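Novice: If you scroll down you'll find the structure; I have some questions about it.
The values are calculated or read from the model by the stated rules, or taken from the named source; none is laboratory data. Bear in mind the structure is a predicted one, so any value in this text is a computation, not a measurement. Cβ sites come from the backbone with ideal geometry, for glycine too, and all protein chains shown count toward neighbours.
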Amino acid sequence: MNILRNKTTSFIATGIISDRCRFFIHFIYFLAAVCVPPSKEINIKYFGTVESFDSAAGNGQIKPETGGNAIRFETTAIMWDKNTDPVKGQRLSYDLGSDRGQPRALNLQTI
């Protein structure tokens, strides 16, 4: 970007670029500074309660507060102390992801 800016600045200073092009270049710089697209998709937090958890298998299910089918999760999705297992009825927040076409709860956090 700095190389482009230095070259266009030198063209502007020498008068090679017309006023209309000069306006366009400054407008592009303005858009680049103001309208930066997000670098990743937006995550929406969901809430639910633990319906079941099997510590031997390392997975469980969350019942979403919005209703619908229970969503599976794995121990790797737990964001707090890995030695503390989720308890049935515990309220959690989570992100929604997918694994082989099936919905999965990710980034589980206690509330």
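Novice: Can you tell which of D54, D81 is exposed (fewer than 10 other Cβ atoms within 10 Å of the Cβ), charged (D, E, K, R), in the same structural domain as D95 (by TED's automatic domain parsing) and at pLDDT 80 or above? Walk me through it before giving the result.
Specialist: On the way: D54 fails: exposed (fewer than 10 other Cβ atoms within 10 Å of the Cβ).
It is D81.
Novice: Please go through the stretch 89-111 and give me each residue that is of a type in the set (K, R) and under 12 Å from G48 (Cβ atoms), ordered by number. Step through it out loud before you land on a result.
Specialist: Taking the stretch 89-111 as the starting set, the residues that turn out to be of a type in the set (K, R) are 91, 100, 104.
Listed by number, the list holds a single entry, R91.
Novice: Would you please list the contacts, defined by Cβ atoms under 7 Å and residues six or more apart or on different chains, that run from a residue in the stretch 63-76 that is farther than 10 Å from L106 by Cα to a residue that is of a type in the set (A, V, I, L, M, F, W, C) and not in a strand (DSSP E or B)?
Specialist: That search, which allows pairs on different chains as well, returns K63/A70.
Novice: Continuing with this model, one more query. Of the residues that make up the stretch 61-77, is at least one out of contact with any Phe, Trp or Tyr (no Cβ under 6 Å at 6 or more places or on another chain), outside any strand (DSSP E or B) and among the aliphatic types (A, V, I, L, M)?
Specialist: The answer is yes, given that some residue of the stretch 61-77 is out of contact with any Phe, Trp or Tyr (no Cβ under 6 Å at 6 or more places or on another chain), outside any strand (DSSP E or B) and among the aliphatic types (A, V, I, L, M).
Novice: Further question on the same structure: Going through the stretch 77-111 one residue at a time, which ones are of a type in the set (F, W, Y) and within 14 Å of K63 (Cα to Cα)? Working first, answer last.
Specialist: Of all residues in the stretch 77-111, those of a type in the set (F, W, Y) come to 80, 94.
Within the stretch 77-111, Y94 is the sole residue that qualifies.
Novice: Restricting to the stretch 87-111, name every residue that is assigned to a strand (DSSP E or B), of a type in the set (S, T, N, Q) and surrounded by 15 or more Cβ atoms within 10 Å (Cβ to Cβ). Show your work before the answer.
Specialist: The first filter runs over the stretch 87-111 and keeps only residues assigned to a strand (DSSP E or B), leaving 91-99, 102-110.
Now restrict to residues that are of a type in the set (S, T, N, Q): 93, 98, 102, 107, 109-110.
Passing the criteria: S93, N107.
Novice: Looking at the structure I just gave you, is T84 free of Cβ contacts under 8 Å to residues at least 12 places away in the same chain, polar (S, T, N, Q) and in a loop (DSSP other than H, G, I, E, B)? Full working, then the answer.
Specialist: Numbers: free of Cβ contacts under 8 Å to residues at least 12 places away in the same chain: yes; polar (S, T, N, Q): yes; in a loop (DSSP other than H, G, I, E, B): yes.
Yes, satisfied.
Novice: Could you grab me the full set of residues in the stretch 65-111 that are within 20 Å of the chain's Cα centre (by Cα) and among the acidic types (D, E)?
Specialist: Correct list: E74, D95, D99.
Novice: Quick test for you: out of G48, G60, pick the one residue that is more than 21 Å from the chain's Cα centre (by Cα), among the small types (G, A, S) and surrounded by 15 or more Cβ atoms within 10 Å (Cβ to Cβ).
Specialist: Working: G48 fails: more than 21 Å from the chain's Cα centre (by Cα).
Sole residue among the options that is more than 21 Å from the chain's Cα centre (by Cα), among the small types (G, A, S) and surrounded by 15 or more Cβ atoms within 10 Å (Cβ to Cβ): G60.
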